[in-house]
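Peer 1: Structure in C-alpha cells, see below.
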Amino acid sequence: MEQKLSDKIKKINEEHMKVTEKQSKIIEAAIEEFSRNGYASTSTSQIAKKAGVAEGTIFRHYKNKKNLLLSIVTPTMTKLIAPFVMDGFDTVFDKKFDTFGDFLKAILKNRVDFIRENLSILKIFMQEISFHPELQENYKEYIAQPLFKRLENTIIHFQDKGQIKNLPVHTVIRFTASTVVGFLFTRHIIYPDMNWNDDKEIEQTINLIINGLSPETD
C-alpha cells in the first residue's frame, strides 16, 4: 500500500520552506493531478479546484505551472527520494552475494518495493524528466553519480570473479540499468494494469542481463 507521499512532501516543505496551509493543499492537489493526468494535460485551474483555492492563489505562490512542478520535485528529490533511493540501495550493496544474478535479483526486488511505496511522485518524475533540464540535473547530482560509484565497485568485483565479460564498466552499467529501468518503467508506468507476475518478470529480466554479460566459453 503506497504511503501518502504528499504528507511526506508537506512535512519537508513545512520544515525547510515554511509553506502555508494553502500551499500544502496546492502541492497535494498537484501531485494527484500530475500523477493521474500528466503534467502537460493538467491545468492550474484543475489543481486549484482540487485544492479548494482560487487559481490566482497558485500564481501568488508559484510563478507558473512549471515552478509548481519544480517546487514539488526538487525538495522531494533532495530531501526525500534521493536519500530513500540511496539508503535502499545501500541495504543491497552492503550485502555480499555469491553471483551477479543474486545481486541483480536483490536490486530488482528492492526497487519494485520502493516504486510501489512511492509511485505517485516517481510517476511524475519519470514522465517529466525528459522534458525538464532542471529535473535531469537533480537526478544526476543526487542519484546517478552516487549510484554509479557504488555500481562501479560491484561490477569490478564480479568481473574479477569471472562472472561478467571484461567490458568497460560504464558499458556494463548502461546495459544493466537500461534493462532494469525498462522493465520497471513498463511495469509501473506504461502498462500498470496488466496481469503481471512480478517474480517471473524479474527472473526473466535477470536471465536476459546475465546471458548478455556472461563470458563466452570455449
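Peer 1: In this structure, does Thr179 turn out to be over 18 Å from the mean Cα position of the chain (by Cα) and surrounded by 12 or more Cβ atoms within 10 Å (Cβ to Cβ)?
Peer 2: No: the conditions fail for Thr179.
Peer 1: Go through (1) over 20 Å from the mean Cα position of the chain (by Cα); (2) closer than 20 Å to Phe93 by Cα one by one and return the number of the condition Asn166 breaks.
Peer 2: In the conditions (1) over 20 Å from the mean Cα position of the chain (by Cα); (2) closer than 20 Å to Phe93 by Cα, Asn166 misses (2) alone.
Peer 1: For the range 180-187, check the following and say yes or no: at least one residue is among the basic types (Lys, Arg) and more than 30 Å from Glu33 (Cβ to Cβ).
Peer 2: No, because not a single residue in the range 180-187 is among the basic types (Lys, Arg) and more than 30 Å from Glu33 (Cβ to Cβ).
Peer 1: Now a separate question. For the range 17-58, enumerate the residues that are in a helix (DSSP H, G or I), among the polar types (S, T, N, Q) and closer than 29 Å to Ile115 by Cβ.
Peer 2: Within the range 17-58, Gln23, Ser24, Ser35, Asn37, Thr44, Gln46 meet the criteria.
Peer 1: Give me the residue from the range 1-39 that is more than 15 Å from Asn67 (Cα to Cα) and among the β-branched types (Val, Ile, Thr) and, out of that set, modelled with the lowest pLDDT.
Peer 2: Ile12
Peer 1: Return the pair list, or none, for Cβ contacts closer than 6 Å from residues in the range 124-140 that are closer than 17 Å to His188 by Cα to residues that are among the polar types (S, T, N, Q) and loosely packed, with under 13 Cβ neighbours inside 10 Å, at least 6 apart or on different chains.
Peer 2: Cβ pairs passing all conditions: none.
Peer 1: Oh, and also: Quick one: which helices (runs of 4 or more DSSP H) sit completely within the range 95-174 and have at least 1 residues that are modelled with pLDDT of 85 or more?
Peer 2: Helices (runs of 4 or more DSSP H) meeting the threshold: 100-117, 145-160.
Peer 1: All but one of (1) closer than 30 Å to Ser41 by Cα; (2) without any contact (Cβ under 8 Å) to a residue 12 or more places away in the chain hold for Val112; which doesn't?
Peer 2: (2)
Peer 1: Sort out which residues of the range 59-94 are assigned to a helix (DSSP H, G or I), modelled with pLDDT of 65 or more and of a type in the set (S, T, N, Q), and write them in order of number.
Peer 2: Across the range 59-94, the qualifying residues are Asn67, Ser71, Thr74, Thr91.
Peer 1: Residue pairs, Cβ under 6 Å, 6 or more apart or interchain, first in the range 25-53 and touching a residue at least 24 places away in the same chain (Cβ under 8 Å), second of a type in the set (D, E, K, R) and assigned to a helix (DSSP H, G or I). List them.
Peer 2: Ser35/Lys123; Tyr39/Glu128; Thr44/Glu55; Thr44/Lys65; Ala51/Lys25; Val53/Lys22
Peer 1: Could I ask something else about it? Of the residues in the range 129-145, how many are buried (at least 19 other Cβ atoms within 10 Å of the Cβ) and either touching an Asp or Glu at 6+ places or on another chain (Cβ under 7 Å) or among the acidic types (Asp, Glu) (or both)?
Peer 2: 1
The values are calculated or read from the model by the stated rules, or taken from the named source; none is laboratory data. Keep in mind it's a predicted model, so treat the numbers as computed, not measured. Using ideal geometry, Cβ is built from the backbone for each residue, glycine included, and neighbour counts are taken over all protein chains shown.
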